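For reference, the structure is listed below as structure tokens.
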């Protein structure tokens with residue numbers, strides 16, 4: 001219980017660097033090593049104190065003492081790197097998405113069970129105060145029966161984001177807008193309302209034809225297996241900056257809307273015999289200069305990992321939930337070929 005949990009990080013892009021910094025800041029954690037295909041000079045981490053490797057295999061072999069390996073590489077490499085870590089008998093933290101196919105997620109889960117190690121999936125939006133509040137009022141049926149749910153995600157991702165010869169925008173390594181930009185919000189839908197069926201969808205590439213190999217916008221509607229119907233309306237075609245990430249819920253006892261750019265503000269709450277509590281402030285979004293991402297809640301991820309490994313808590317987002325998010329997106333994207341024919 002008094003020993004520090006030892007970590008290593010594969011990938012030193014924006015998110016990998018954030019993982020490394022969150023580990024350094026935690027008194028119960030120790031960052032042992034990081035790995036990336038780029039050099040320290042290219043990554044701007046010349047003064048790195050920890051061990052640095054350009055080979056995943058060499059890093060894993062050199063540090064048997066590591067307890068947890070963070071997977072912060074391009075989406076299409078998550079499964080490959082997760083399996084390397086699990087084969088070395090390490091617990092893993094996998095950035096979203098867990099993989100790009102349900103089959104790869106199943107392979108990861110099978111290996112984790114075989115070697116008795118834990119797969120932690122990063123879905124940090126669950127820690128935002130409005131998300132926690134929504135989970136509470138839905139679990140306690142305060143909104144009554146759920147009729148309709150609308151998720152709107154309208155962001156900017158342009159040539160400042162999609163670098164030439166980079167992995168973002170490729171079908172093989174990126175996977176698509178729902179995987180890279182909006183899987184956090186698909187996770188929130190699944191976390192709050194459960195699985196979906198009867199999916200219908202339309203997709204369009206408005207202004208990313210020279211930037212990506214997939215759509216930049218879509219309308220998706222479906223039924224919730226637990227009752228009610230829902231929709232996801234999304235786009236990365238906005239000019240210059242993000243507009244919003246919002247969720248509107250209509251139930252038999254009232255309606256709510258959580259909006260702002262990153263599901264960070266309760267914009268409407270009108271529920272029978274209910275007084276809206278004052279929520280703690282939401283952490284600001286991850287700021288990458290020209291563009292912004294989801295809430296900066298990675299510190300909570302590492303607190304949960306350490307608490308879980310030390311037996312003080314349970315996992316916040318487990319591997320099965322990570323698989324379900326991938327499966328839902330995979331089922332939505334299965335409609336892209338059909339939509340193109342029409």
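Couple of notes before you dig in:
- Spatial separation of Cα centroids for region 82-121 and region 2-25, in angstrom: 18
- Helical content alone sets the calculated 222 nm signal of the chain at -9000 deg cm²/dmol, taking -39,500 (n - 2.57) per DSSP H segment of four or more residues and averaging over every residue.
- Helix 319-333 vs. the chain, principal-axis angle (Cα, 0 to 90°, nearest 10): 60
- Antiparallel %, DSSP beta bridges [both residues in the chain], to 5: 55
- Relative to the dominant Cα principal axis of the chain, helix 102-115 is inclined by about 50°.
- Fraction in percent of alpha-carbon pairs per bin - 10 Å, region 145-289: 11, 37, 33, 16, 4, 0
- Calculated FRET value between residue 87 and residue 50, using beta carbons and R₀ = 25 Å, to 0.05: 0.65
- Relative to the longest principal axis of the Cα atoms of the chain, the long axis of helix 298-309 makes an angle of roughly 70 degrees.
- A simple spin-label model places pseudo-atoms 7 Å from Cα toward Cβ; at residue 279 and residue 334 they are separated by 3.4 nm.
- Overall form of region 5-121 per C-alpha gyration tensor (a/c, 1.5; a/b vs b/c): prolate
- Globularity index of the chain, i.e. its alpha-carbon radius of gyration over 2.2 N^0.38 Å: 0.99
- Likely footprinting exposure, 321, 21, 215, 65, fewest C-beta neighbours within 10 Å first: 65, 21, 321, 215
- Counting other Cβ atoms within 10 Å as a rough exposure proxy, the listed residues 24, 18, 331 run 24, 331, 18 from fewest neighbours to most.
- Overall, the ratio between the Cα radius of gyration of region 202-252 and 2.2 N^0.38 Å, rounded to two decimals, is 1.43.
- Our note on the geometry: Cα centres of region 308-330 and region 262-284, 25 Å apart.
- Ordering of 90-96, 168-174, 141-147 by burial proxy (mean other Cβ atoms within 10 Å per residue, highest first): 90-96, 168-174, 141-147
- Its residues counted as N, region 140-221 yields a C-alpha radius of gyration over 2.2 N^0.38 Å of 1.31.
Just so you know, all these numbers are worked out from the coordinates, no wet-lab data involved. It should be emphasised that the depicted structure is a prediction, and the values quoted were computed from it without experimental measurement. Glycine gets a Cβ as well: all are built from the backbone with ideal geometry, and neighbour counts include every protein chain shown.
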